[in-house]
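For reference, the structure is listed below as structure tokens.
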Amino acid sequence: MSRTATVVGAGPAGLMAAEVLVDAGFAVHVYEHMPSAGRKLLLAGRSGLNLTHAEPLDQLLGRYGAAPKVTAAVRAFTPDDLRAWAAELGASTFVGSTGRVFPTEMRATPLLRAWLARLTAAGVQLHTRQRWIGWAAASTAPTLVFRTPDGATAEVSSDVVVFALGGATWPRVGSDGGWADTFRTAGVDVRPLRASNCGLLVSWSPRFVDAHAGAPLKNVAVGVRDHWVRGDVTITAEGVESGPVYTQSAAVRDAIDATGTCTVHIDLLPDLPVADVVARLGRRRPKDSLTNTLRRTLGLSPVAVAFLREATGNELPVESEPLAALVKGVPLVITATAGIDRAISSAGGIALADVTDGFMLRSLPGQFVAGEMLDWDAPTGGYLLQASFSTAVAAARAATAWVDDRD
Ligand SMILES: Cc1cc2nc3c(=O)[nH]c(=O)nc-3n(C[C@H](O)[C@H](O)[C@H](O)COP(=O)(O)OP(=O)(O)OC[C@H]3O[C@@H](n4cnc5c(N)ncnc54)[C@H](O)[C@@H]3O)c2cc1C
């Protein structure tokens, strides 16, 4: 009789676990509570699907902090393996200027479509609109309980289970973190799910929002306690977002947790030393307004000048030295990060100490966990998807080995 596997959650981690398990000879059933698979992957692809990163492997592994189980999984299924896997699905990839890796088509849709077709051809059965709500009373094989679309419940038993339920961001695409309490009730240590890679809230004036929401501050640096991250920052109605903000958001969140506030600095001209900024401002023409001076001598964009005025309550210093100091570090006092609902990822989840090296729950033999629902964190840059895929491969391989040992 063939070996059976249940995968819960049809995101990148769940589908990857399903693929490894079906290749290992399991009859695989994937359960997903949304009407279709991979909705967050599709959302990620809307702004350019950053699949992984091309930096040297040791540097990449450093992005995951102290999470040796996760880094071991990435070593065993590397960015090169992920790119080869995507290429097999017809999604060749390229390395962008910052080392980020994207499919040539940028979007996730063609990749997901080809992947689902391949999984179906291999025999994986996807059951949508099935919400996992817990376990049935003790039985010899793991038995899961699902709520079906008609409100009834259904029990599913299998040799192994892989949970890949995602984090708790963008719940409208399915990852609502509802699983956390179910696991806690079962005695599993689930660390609080917190926003990571999120925007920072700033209470802009309505006038500034009307004129500049959606506009980028191009090529700036975002500093938190002398650690600077370069890139573009987007002004939003609620505050600031995009790459360097997300990268700094964990440090900001931790500072706010500790002291209630965090001052973030934005360097509008990271390529110019402050002395050069002072010298350029010194070329001010007597008749020029301050706005014209900032545009003409420093080349600041209209949104950058408006941002300077907004951040200082329109009290710009007139003297070159203090003005240059301001341009090199516009202070923003942050008291809150954006909510978890709109974050790119969530930190927290199932404690890595509660799973084996192969991501099997120590207290629930035969049941494995993969992807963002595990307690690891990483910045944006492709590291989130890489670890989601890699932990799924590791969990599915370990599940296969576990059944082999048992039989
Ligand atoms: C706007 C945005 C852009 C992003 N861009 C990138 C990027 O470019 N690069 C990158 O590396 N990362 C990116 N990410 C992060 C990345 O998408 C996630 O880290 C990744 O999808 C996590 O994969 P996962 O399979 O663990 O979880 P998910 O993709 O969240 O999948 C979990 C699945 O489980 C299902 N599920 C949840 N609960 C239940 C239940 N009780 N019963 C049944 N099914 C359930 C969900 O519906 C979902 O389909 C982005 C995220 C967002 C929000």
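The values are calculated or read from the model by the stated rules, or taken from the named source; none is laboratory data. None of these values were measured; they are calculated from a predicted model. Glycine gets a Cβ as well: all are built from the backbone with ideal geometry, and neighbour counts include every protein chain shown.
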Subset of region 370-407 (residues that are within 24 Å of the chain's Cα centre (by Cα) and of a type in the set (Ser, Thr, Tyr))
Thr380, Tyr383, Ser388, Ser390, Thr391
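A quick yes/no check of all residues on (1) within 13 Å of the ligand (Cβ to nearest atom); (2) over 18 Å from Ile235 (Cα atoms); (3) assigned to a loop (DSSP other than H, G, I, E, B); (4) out of contact with any helix residue (DSSP H, G or I) (no Cβ under 6 Å at 6 or more places or on another chain):
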{"residue": "Leu300", "(1), (2), (3), (4)": "no, no, yes, no"}
{"residue": "Ala304", "(1), (2), (3), (4)": "no, no, no, yes"}
{"residue": "Val318", "(1), (2), (3), (4)": "no, yes, yes, yes"}
{"residue": "Ala325", "(1), (2), (3), (4)": "no, yes, no, yes"}
{"residue": "Asp341", "(1), (2), (3), (4)": "yes, yes, no, yes"}
{"residue": "Pro365", "(1), (2), (3), (4)": "no, yes, yes, yes"}
{"residue": "Trp376", "(1), (2), (3), (4)": "yes, yes, yes, no"}
{"residue": "Gly381", "(1), (2), (3), (4)": "yes, yes, yes, yes"}
{"residue": "Thr400", "(1), (2), (3), (4)": "no, yes, no, yes"}
Looking only at region 86-114, which residues are of a type in the set (Asp, Glu) and touching an Asp or Glu at 6+ places or on another chain (Cβ under 6 Å)?
none
Quick check on region 210-228. Is at least one of its residues more than 15 Å from the ligand (Cβ to nearest atom), of a type in the set (D, E, K, R) and assigned by TED's automatic domain parsing to the domain that holds Pro35?
no
In the set Phe183, Phe163, which member is within 17 Å of Ala17 (Cβ to Cβ) and in contact (Cβ under 8 Å) with a residue 60 or more places away in the chain?
Phe163
Boolean, Ala279 is under 22 Å from Arg230 (Cα atoms) and not assigned by TED's automatic domain parsing to the domain that holds Val20:
no
Condition check for Ala255: part of a helix (DSSP H, G or I), away from the ligand (no atom under 16 Å from the Cβ) and either closer than 26 Å to Ile350 by Cα or not assigned by TED's automatic domain parsing to the domain that holds Ala396 (or both)
yes
Taking the conditions exactly as written (among the polar types (S, T, N, Q) and surrounded by 21 or more Cβ atoms within 10 Å (Cβ to Cβ)), does Ser203 satisfy them or not?
no
So if I check each of Ala114, Ala108, Ala122, which one is touching a residue at least 24 places away in the same chain (Cβ under 8 Å), in contact with a Gly (Cβ under 9 Å, 6 or more places away or on another chain) and surrounded by fewer than 16 Cβ atoms within 10 Å (Cβ to Cβ)?
Ala114
